[in-house]
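Notes follow once the structure below has been shown.
The values are calculated or read from the model by the stated rules, or taken from the named source; none is laboratory data. Note that the coordinates shown come from a computational prediction; the quantities given were computed from them, not determined experimentally. Note that we place each Cβ from the backbone using ideal geometry, even for glycine, and neighbour counts take in every protein chain shown. Side chains included, ligands, DNA and RNA excluded: accessible areas come from the protein's heavy atoms. Shrake-Rupley method; radii C 1.70, N 1.55, O 1.52, S 1.80 Å.
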Amino acid sequence: MSDLINPTKEQFAAFQALPDEGPIHMLNLVRLREHAAYEDGREATGAAAYKAYARESGPVFERLGGRQHWIGRFDCVLIGPEDERWDLVFIAEYPNPAAFAAMVRDPDYREAVKHRTAAVAESRLIRLKPLQGGKGFGDAL
């Protein structure tokens, strides 16, 4: 399993070592496979497999207080590798880091994640601490 699809044990430990205070945002950048790579050999597109993941994991996400905070359509890269592209770009919000950790450990979620693993070619999952924006650019720095 690639560490660009699911977090490694070390990455998850680092996530959990951070303060468990208030809401967090998780920036998700996802590139889907054209054809899902299920271990059992079943066939589906990457998009269909990711939809199955969303359908099965959604109730756990919502039960633990998660919500999709923002979603956008990827258009192009202005700074970065020219061949980089993402099929899904969104920010998920959790009431606290413990809620995210509880989701990842939930048996229903762990069953659903097989669809995500089959669907995703590469991803980034970045924990963010929401800040209060200011009137001007850079006021929150």
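In this structure, residue 91 does satisfy being open to solvent by 20 Å² or more (accessible area, probe 1.4 Å), of a type in the set (A, V, I, L, M, F, W, C), within 17 Å of residue 23 (Cα to Cα) and touching a Phe, Trp or Tyr at 6+ places or on another chain (Cβ under 7 Å). Note on segment 53-67: among residues that are more than 24 Å from residue 129 (Cβ to Cβ) and of a type in the set (Gly, Ala, Ser), the one that is surrounded by the most Cβ atoms within 10 Å (Cβ to Cβ) is 54. Of the residues making up segment 97-141, those that are at pLDDT 95 or above, closer than 20 Å to residue 67 by Cα and aliphatic (A, V, I, L, M) are 98, 99, 101, 102, 103, 104, 112, 113, 125, 126, 128.
On inspection, residue 12 qualifies as at pLDDT below 95, more than 16 Å from residue 86 (Cα to Cα) and open to solvent by less than 70 Å² (accessible area, probe 1.4 Å).
Of all the numbered requirements in (1) touching a Leu at 6+ places or on another chain (Cβ under 9 Å); (2) surrounded by fewer than 14 Cβ atoms within 10 Å (Cβ to Cβ); (3) among the charged types (D, E, K, R), residue 110 misses one, and that requirement is (1). Residues that are open to solvent by 30 Å² or more (accessible area, probe 1.4 Å), of a type outside the set (D, E, K, R) and within 19 Å of residue 15 (Cα to Cα) do not occur anywhere in segment 68-84. Scanning segment 20-42 for residues that are part of a loop (DSSP other than H, G, I, E, B) and without any contact (Cβ under 8 Å) to a residue 40 or more places away in the chain yields 34, 40, 41, 42.
Residue 49 falls short on exactly one of the conditions (1) in contact with a Lys or Arg (Cβ under 8 Å, 6 or more places away or on another chain); (2) under 15 Å from residue 124 (Cα atoms); (3) open to solvent by less than 70 Å² (accessible area, probe 1.4 Å), and that condition is (2).
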